[in-house]
Amino acid sequence: MANTQLKKDLIAYSKLIGIDKIGFATADPFVTLKSRLKDQQKLAYQSGFEKGTLTERTEPDHLLPEAKTIISIALAYPSKMKNPPKSVKGDRRGIFCRASWGEDYHHILKRKLKLLEEYLQQAEPTARSKSMVDTGELADRAVAERAGIGWSGKNCAIITPEFGSYVYLGEMITTIDLPEDQPMFDQCGTCNKCVDACPTGALIQGGQLDSNKCIAFLTQTKEILPDKYRKKLGNRLYGCDTCQVVCPENKGKDTHHHPEMEPDPEVVKPRLLPILTMSNRDFKETFGQISGSWRGKKPIQRNAIIALAHYKEIESLPTLFNLLHEDPRPVIRGTAAWAVAEISQEEEVLKHLMTAKERERSPEVREEINKSLQKLKVQSGLV
């Protein structure tokens, strides 16, 4: 018999330790999700960051034998920054998405789940449990939806009535049988604002995402970004909030329950130029505490170069020229070659590109240089 009192005790304890929402779901296989994931694979919509096999991602008892219940938790994060610094000419700034503000949420949720696990273990010494946050095999959204935390929106986020989609999710599989909550189903209705607003058309239809087009994914890649996406990035250094910002369910939602989630404006809206010359140690000291640093320095620096091109920041040219000639990484040299031609059409840019071309050995960088030279020649009427 499912343990009703234990569930009540867990809910009460979750509030004591600062969990904003908690829900309980069966550990039955996610049959619909499995079918959907197969379609995602066929269509090549997956990002490559997904963990585990299809079976592990949809059948909880493969992760924890004799699994009975999945406990889903949600922690609400801020959507507004106090006193954000302004990005002005000569002092341009980039932006990290809201989900990367404050301390890395993986650490925060893991601490909460550990406390919850320990509480359950004390109450039921025979309990076996397995917790995960975001990088685990289970699909957080599918679990949260089944557990009644919120519904899965067309923006591919869980939308809660209380906090909108500004929530972090985590879950704990357990062998203890606990009463399940009612799933929360779609409440987006005919609203299509997120799909219409997506800068790259990554939201294919309600609730389906082509990860390879999603700016949040693109900002985390480590290669030279395809031409068609560069101008879509704007000043984003990590992640994208567009589909959340336009969502009517997020209007007026701004939660400040957790001091460790509060953003440091200088970290999450940083000056762009200093990023380009950061050492690995500087990068770690500046950004190491936030989740947006997990892919390392190179993607952030590449995105900072693209952001400077977005602003057409003339003052950045000396630094970009130096990167074009001296940086050991082809991705940085190639992106700099593109950026300088976006920023200025002066003869100085042409000279630097010609010099760089003579010395460059990387085929992908040479291609970027050639495209920029061609662009400058067309603009100057030389071809």
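Between Glu262, Glu266, the distinction of being among the charged types (D, E, K, R), out of contact with any Ser or Thr (no Cβ under 6 Å at 6 or more places or on another chain) and farther than 30 Å from Leu320 by Cβ belongs to Glu262 only.
Considering Lys86, Lys82, the condition of being of a type in the set (Lys, Arg) and free of Cβ contacts under 8 Å to residues at least 12 places away in the same chain is satisfied by Lys86 alone. Here is the figure for segment 247-292: residues that are touching an Asp or Glu at 6+ places or on another chain (Cβ under 8 Å) and under 29 Å from Lys89 (Cβ atoms) total 4.
Annotation: Leu116 fulfils all but one of (1) surrounded by 18 or more Cβ atoms within 10 Å (Cβ to Cβ); (2) assigned to a loop (DSSP other than H, G, I, E, B); the unmet one is (2).
The set of residues from segment 97-134 being of a type in the set (Gly, Ala, Ser) and either more than 16 Å from the chain's Cα centre (by Cα) or closer than 15 Å to Gly18 by Cα (or both) comprises Ala123, Ala127, Ser129, Ser131.
Within segment 290-315, restricting attention to residues that are part of a loop (DSSP other than H, G, I, E, B) and under 21 Å from the mean Cα position of the chain (by Cα), the residue that is surrounded by the most Cβ atoms within 10 Å (Cβ to Cβ) is Ile290. How many residues does segment 237-287 contain that are part of a helix (DSSP H, G or I) and either of a type in the set (A, V, I, L, M, F, W, C) or under 27 Å from Lys21 (Cα atoms) (or both)? Result for segment 237-287: 18. Across segment 215-231, the number of residues qualifying as in a loop (DSSP other than H, G, I, E, B) and out of contact with any Leu (no Cβ under 8 Å at 6 or more places or on another chain) comes to 7.
The combined condition, being among the basic types (Lys, Arg), touching a strand residue (DSSP E or B) at 6+ places or on another chain (Cβ under 9 Å), in the same structural domain as Glu360 (by TED's automatic domain parsing) and crowded, with 20+ Cβ neighbours inside 10 Å, is not fulfilled by Lys251.
Residues in segment 188-232 that are on the phi > 0 side of the Ramachandran plot and among the acidic types (Asp, Glu): 0 in all.
Being under 24 Å from the mean Cα position of the chain (by Cα), assigned to a helix (DSSP H, G or I) and modelled with pLDDT under 95 holds for only one residue in Gln41, Gln46, and it is Gln41. Checked against the criterion of being in a loop (DSSP other than H, G, I, E, B) and either farther than 27 Å from Arg302 by Cβ or of a type in the set (Phe, Trp, Tyr) (or both), segment 203-210 has at least one qualifying residue. Among the numbered conditions (1) of a type outside the set (Lys, Arg); (2) at pLDDT below 95; (3) surrounded by 19 or more Cβ atoms within 10 Å (Cβ to Cβ); (4) not assigned by TED's automatic domain parsing to the domain that holds Ile290, the only one that Val167 does not meet is (2). Taking the listed residues Phe287, Phe283, the one that is in contact with a helix residue (DSSP H, G or I) (Cβ under 6 Å, 6 or more places away or on another chain), closer than 22 Å to Ala99 by Cα and surrounded by fewer than 19 Cβ atoms within 10 Å (Cβ to Cβ) is Phe283, with no other qualifying.
Considering only residues in segment 324-363 that are within 14 Å of Leu376 (Cβ to Cβ) and of a type in the set (Lys, Arg), the one that is nearest to the chain's Cα centre (by Cα) turns out to be Lys357.
With respect to the conditions (1) surrounded by 14 or more Cβ atoms within 10 Å (Cβ to Cβ); (2) in contact with an Asp or Glu (Cβ under 8 Å, 6 or more places away or on another chain), Gly90 lacks only one, and its number is (1).
The values are calculated or read from the model by the stated rules, or taken from the named source; none is laboratory data. For clarity, every value in this text was computed on a predicted model and none was experimentally measured. All Cβ positions, glycine included, derive from the backbone under ideal geometry; neighbour counts span all protein chains shown.
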